[in-house]
1. Would you mind calculating the gained length between LYS170 and LEU49 on full extension (0.36 nm times residue separation, minus the Cα-Cα distance), in nm to one decimal?
2. When only C-alpha pairs under 8 Å and at least 6 residues apart count, what is the relative contact order of segment 139-239, in percent?
3. Rg and Dmax in Å for segment 206-256, alpha carbons only: what are they?
4. Nearest 20 debye, what's the magnitude of the dipole of the chain about its Cα centre given +1 on Lys and Arg Cβ and -1 on Asp and Glu Cβ?
5. I'd like the trypsin sites (Lys or Arg not before Pro) in segment 85-127 restricted to DSSP loop residues with at most 12 other Cβ atoms within 10 Å, sorted by number.
6. Out of all DSSP beta bridges with both ends in the chain, state the antiparallel percent to the nearest 5.
7. Quickly work out the ASP323-to-LEU97 label distance, labels modelled 7 Å from Cα along the C-beta direction, and quote it in nm with one decimal.
8. At most 13 other Cβ atoms within 10 Å and a DSSP loop assignment: could you name the GluC sites (Glu not before Pro) in segment 5-102 that fit?
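Readers should treat all values here as calculations from the given coordinates under stated rules, not as data from a laboratory. Just so it is clear, the model here is predicted, and its values are computed rather than measured. Please note: Cβ atoms are built from the backbone with ideal geometry, for glycine as well, and neighbour counts cover all protein chains shown.
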Amino acid sequence: MLYPEINENNKFWLDVGDNHQVYVEESGNPDGIPVVYCHGGPGGASNSLIRQLFDPELYRIISYDQRACGLSKPFLSIENNTTADLISDLEKIRCYLKIEQWVVAGGSWGTTLALLYAQAYPERVSALLLRGIFLGRKQDLAWLYEAQGAAKLFPDYYQEFIKPISSEHKTASQIIKAYFELLTSDNQIQQLNAAKCWCLWESQISRLHFTPNLKPEATEAHHSLAMALLEAHYFANNCFISENQILDNINKIQHIPATLIHGRYDAVCDLSQAWQLNQAWENSKLLIVPKAGHSLGETAIAHSFCQASRALAVYFQEKNKQD
């Protein structure tokens, strides 16, 4: 269902200013369709699985680690780390690689970033390929962190999630702020425990079937510290965007073709987000994946993404013939 594993052709750190260097990889066909993949989080990282989502004979695959996570430097820095900075970094990568136009792909938070980048630089985006839509609104954060959202489906996991903080914290903003204080405390044991609880909650609800063998990966220190700190940093600041910014500016990208992929039972980013985006975006196509949740690690989600990337390559081949 995935394309064969391949090695990167090139990897480097790009100095984007503000004392930040982002890690970038290229793989696939250097003369193929340029595609950049925006990972989730904030605070996730690129991985080899991303290279298997696109036909390496047809695509020039670019993946990278956003500021302060993965292999980017400095690790865990929240200074000069906003959504506007991440949009700027994407454009700097494009300019550095001398790409005129590219497909912008992403998952979860990566869809938020991809959409915001496309709205800022619509002339640079040939198409969008997005999985697990996250619009970054207060209602989306409430669904993820308050007791009346995903917690209704997973009360046992939610009880473990809120253990490190006071029971007085009820709203998403209060919960995020309380966690942010733990994640930035001077007590490293407290930091790591909070990071693990934060990441375990999201990981447990991201799949239809979360099994105990997945827990070590979800709570690994390097991964969990970056995910928890950067998510809390961004979410405490409402993702550094105005409320409903993406839908309010959908007219800027109406002409860009897009494929939206969303699991029917996605408990991290509820399906209504993808539905609302699709309803507002005339040139988008929504693929609802049955028997799937949020994670790219689920076979059905990865398979659907590969099918969509294959269909997009055919679209560009036909378009080039017509031109």
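1. Roughly 39.9 nm would be gained on extension.
2. 27 percent
3. For segment 206-256, the Cα-based Rg and Dmax read 16.8, 44 Å.
4. So the dipole magnitude of the chain works out to roughly 520 debye.
5. LYS98
6. Around 35 percent of the beta bridges assigned by DSSP in the chain are antiparallel ones.
7. 1.7 nm
8. Those satisfying the criteria are GLU5, GLU57, GLU79, GLU100.
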